[in-house]
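Read the structure below first, then the notes.
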Amino acid sequence: MVEFTPIKGVVYKYDYPAIFRSIAAGEIEAVPTYRELCRNDLFFLLYFGLERTDVNDPFIIECIREVERDHVDTVDLWAREHYKSTIITYALPIQEIINNPEERIGIFSHTRPIAKGFLRQIKQTLENKEVPVVKWFPDIFWRTPRTQAPKWSEDDGITVRRKSNSKEASIEAWGMVDGQPTSKHFTVRIYDDVVTKESVTTPDQIQKVLDAYETSESLGTDGGTARIAGTHYHFADLYAHLRKQRIYKVRIKPATHDGTPQGRPVLLSQKRLNELRQKQGPYIFACQQLLNPVASEEQKFKPEWVRYYDILPAIRNKYLLGDPANEKRKQNDYTTLGVISVDPYGNWFLEDAVRQKLSLGERWEALRNMWLDNQPIQAVGYEKYGKDADINYFEEKQKDEGTYFMITPLGGNQLSKGDRILRLVPRFKNGTFYLPRRLIRDGEDLVQVFIDEEYVFFPFVIHDDLLDMMSRMEDIGPVRPADSPAGPRKAKTTDVMARLRGHA
């Protein structure tokens, strides 16, 4: 038995020194007591049964207690190097097996080699007949598993002593995205490291992981359980999606006590955290250690810059802007339209917006309706792709319906989409862009969608279509109304239209 020194001030589940004194005095039997403790005390199993003396730390002990109390339908997002996998994917499956040798446990990672790494640790532990838990449970663990067990490999899984002849091994390792099994059903599904750095490089990759997770749910059983463990790599990764699902109990454990870079470390040394921050950079450090997928210093738009209006100015020029979905890039699958007005002092006001997945015909109807609903419109600007297929179609529909308005194609400059959007930063920062407090479309508040999914996360976003649509105000060249001492002379509509034609 390894030596044990209680940490002052830490409350353990059992008084281990007292138990050992009772065993030494012959008051209770050793092995039956150890077996009972392993079944009911995850810390005892780790420290004494698996000889992981490194877990005797106040932070780790509390983590063990939380996992022990509840590990069904849980999402555990813990900072790297904070014992997440040691507790959830290594020790807990062993405890589940000694409590019920008939369990069929599937470990899922992004790819199968990652999952095999978790299985390998368990396999090597149970191959060592000197490990205490193996000695204490000869009725469950083989003495020489490589020759005795019906299955004992990383490919086929490992099988302990059990009564059933299930086709699934006691513990198996599979890839969730790469190498997901078929015709398998596990009583316990463990998802660990199903999101990787490579899996969040594009929106398609992010969606692929989400789809794979949903498919893997069919690999469970009626009454089976699942638990997820990992760390963020992106604000919209699978873990972020699961955090929003009410069916999961989410535990967030950042590396600092308050989740900020300046916070007090909860486990690692300050020196180690400083090293990680320097090596990883602010964004990866925020994801991996702070569990905050967007580092504040990486945000281009600050939440405190958002300003709202309650009453629109009486005098203003209105512009209708359109950003159609680019069919060549699936991540831009929303068409966005917006009406933005300008007051005599140069302030901008978002008055109306659409953000939907629309066909070509639906895009025309949305643009036409917005033009009709927001008269008078100073000018209409529409982002062009290819050979202006949308605009050509719109001009034909205008002839068919008798609804005429000029559409100025927007595009042709050398700025990337990201650089176009960055032109909005000074306007938000200076408080000259105002949003309505609510803008409901199809039961959805587009203002909240804009802030939650685009504004605060840019440039780490999947969709930035509303931002791009707003940025096109710079291209259309808005003119202030002149009915104010602060405004320029009143411009005639024909003068504005002529200038816009030359701007295309």
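The values are calculated or read from the model by the stated rules, or taken from the named source; none is laboratory data. In this text the structure is predicted, and so the values were computed from the model without any measurement. We place every Cβ from the backbone using ideal geometry, glycine too, and count neighbours over all the protein chains shown.
Have a look at GLU395, GLU454, GLU444 and point out the one that is crowded, with 20+ Cβ neighbours inside 10 Å and among the charged types (D, E, K, R).
From the options GLU395, GLU454, GLU444, the qualifying one is GLU454.
Which number in (1) closer than 26 Å to ILE97 by Cα; (2) within 38 Å of the chain's Cα centre (by Cα); (3) not small (Gly, Ala, Ser) marks the one condition that ARG35 misses?
Single failed check for ARG35: (2).
What helices (runs of 4 or more DSSP H), lying completely within the stretch 97-171, carry at least 1 residues that are aliphatic (A, V, I, L, M), modelled with pLDDT of 95 or more and out of contact with any strand residue (DSSP E or B) (no Cβ under 6 Å at 6 or more places or on another chain)?
So the answer is 112-127, 132-136.
For TRP305, state whether it is farther than 23 Å from GLY477 by Cβ and at pLDDT 90 or above.
In short, yes.
If you scan the stretch 175-201, which residues turn out to be under 27 Å from ILE462 (Cβ atoms) and assigned to a strand (DSSP E or B)?
GLY175, MET176, VAL177, ASP178, ARG189, TYR191, ASP192
Tell me, please, whether a residue that is free of Cβ contacts under 8 Å to residues at least 24 places away in the same chain and farther than 30 Å from TYR345 by Cα can be found in the stretch 303-312.
No, the stretch 303-312 has no match at all.
Can you tell me which residue among LEU415, LEU435, LEU467 is among the aliphatic types (A, V, I, L, M), farther than 20 Å from ILE340 by Cα and out of contact with any Gly (no Cβ under 6 Å at 6 or more places or on another chain)?
Selected residue: LEU415, the only one of LEU415, LEU435, LEU467 that is among the aliphatic types (A, V, I, L, M), farther than 20 Å from ILE340 by Cα and out of contact with any Gly (no Cβ under 6 Å at 6 or more places or on another chain).
So if I check each of CYS63, CYS38, which one is part of a helix (DSSP H, G or I), surrounded by 15 or more Cβ atoms within 10 Å (Cβ to Cβ) and assigned by TED's automatic domain parsing to the domain that holds GLU81?
Only one candidate passes the filter, namely CYS63.
Which condition from (1) within 26 Å of LYS184 (Cα to Cα); (2) within 24 Å of the chain's Cα centre (by Cα) is the one that ILE105 breaks?
Every listed condition holds for ILE105 apart from (2).
Can you pull out the residues in the stretch 212-254 that are closer than 21 Å to ARG80 by Cβ, touching a residue at least 40 places away in the same chain (Cβ under 8 Å) and part of a helix (DSSP H, G or I)?
If the condition is that a residue be closer than 21 Å to ARG80 by Cβ, touching a residue at least 40 places away in the same chain (Cβ under 8 Å) and part of a helix (DSSP H, G or I), then LEU238, TYR239, ALA240, LEU242, ARG243 are the ones that fit.
Okay, residues lined up against (1) at pLDDT below 95; (2) assigned to a strand (DSSP E or B):
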| residue | (1), (2) |
| --- | --- |
| GLY338 | no, yes |
| TYR345 | yes, no |
| GLU351 | no, yes |
| GLU362 | yes, no |
| ARG368 | no, no |
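Residues that are out of contact with any Gly (no Cβ under 9 Å at 6 or more places or on another chain) and at pLDDT 95 or above: does the stretch 180-201 have at least one?
Scanning the stretch 180-201 turns up no residue that is out of contact with any Gly (no Cβ under 9 Å at 6 or more places or on another chain) and at pLDDT 95 or above.
I'd like the full set of residues that are assigned to a helix (DSSP H, G or I) and out of contact with any Phe, Trp or Tyr (no Cβ under 8 Å at 6 or more places or on another chain), limited to the stretch 419-446.
Of everything in the stretch 419-446, those that are assigned to a helix (DSSP H, G or I) and out of contact with any Phe, Trp or Tyr (no Cβ under 8 Å at 6 or more places or on another chain) turn out to be ASP419, ARG420, LEU422, PRO426, LEU446.
Kindly indicate which of TRP371, TRP348 is aromatic (Phe, Trp, Tyr), touching a helix residue (DSSP H, G or I) at 6+ places or on another chain (Cβ under 8 Å) and surrounded by 14 or more Cβ atoms within 10 Å (Cβ to Cβ).
TRP348
Among the candidates ARG438, ARG420, ARG427, which residue alone is closer than 13 Å to TYR308 by Cβ and basic (Lys, Arg)?
The match here is ARG438.
Only one residue in ILE94, ILE23, ILE7, ILE60 is closer than 22 Å to ARG189 by Cβ and not basic (Lys, Arg). Which one?
From the options ILE94, ILE23, ILE7, ILE60, the qualifying one is ILE94.
Here is a check on your reading of the model: is ASP400 out of contact with any Pro (no Cβ under 9 Å at 6 or more places or on another chain), surrounded by fewer than 16 Cβ atoms within 10 Å (Cβ to Cβ), in a helix (DSSP H, G or I) and modelled with pLDDT under 90?
Judged against the criteria, ASP400 is not a match.
PRO436 passes all but one of (1) over 25 Å from PRO481 (Cα atoms); (2) crowded, with 17+ Cβ neighbours inside 10 Å; (3) under 32 Å from the mean Cα position of the chain (by Cα); which number fails?
So PRO436 meets the others, but not (1).
What about GLU27, is it surrounded by fewer than 20 Cβ atoms within 10 Å (Cβ to Cβ), of a type outside the set (Phe, Trp, Tyr), more than 30 Å from HIS234 (Cα to Cα) and without any contact (Cβ under 8 Å) to a residue 40 or more places away in the chain?
It is true that GLU27 is surrounded by fewer than 20 Cβ atoms within 10 Å (Cβ to Cβ), of a type outside the set (Phe, Trp, Tyr), more than 30 Å from HIS234 (Cα to Cα) and without any contact (Cβ under 8 Å) to a residue 40 or more places away in the chain.
Suppose the filter is among the aliphatic types (A, V, I, L, M), in contact with a Gly (Cβ under 9 Å, 6 or more places away or on another chain), in a loop (DSSP other than H, G, I, E, B) and not assigned by TED's automatic domain parsing to the domain that holds ASP193; does LEU321 pass it?
No.
Can you tell me which of PRO481, PRO409 is part of a loop (DSSP other than H, G, I, E, B) and on the phi < 0 side of the Ramachandran plot?
Selected residue: PRO481, the only one of PRO481, PRO409 that is part of a loop (DSSP other than H, G, I, E, B) and on the phi < 0 side of the Ramachandran plot.
So ASP222 clears everything in (1) in contact with a helix residue (DSSP H, G or I) (Cβ under 8 Å, 6 or more places away or on another chain); (2) surrounded by fewer than 16 Cβ atoms within 10 Å (Cβ to Cβ) except one condition, right? Which one?
With respect to (1) in contact with a helix residue (DSSP H, G or I) (Cβ under 8 Å, 6 or more places away or on another chain); (2) surrounded by fewer than 16 Cβ atoms within 10 Å (Cβ to Cβ), ASP222 is out only on (1).
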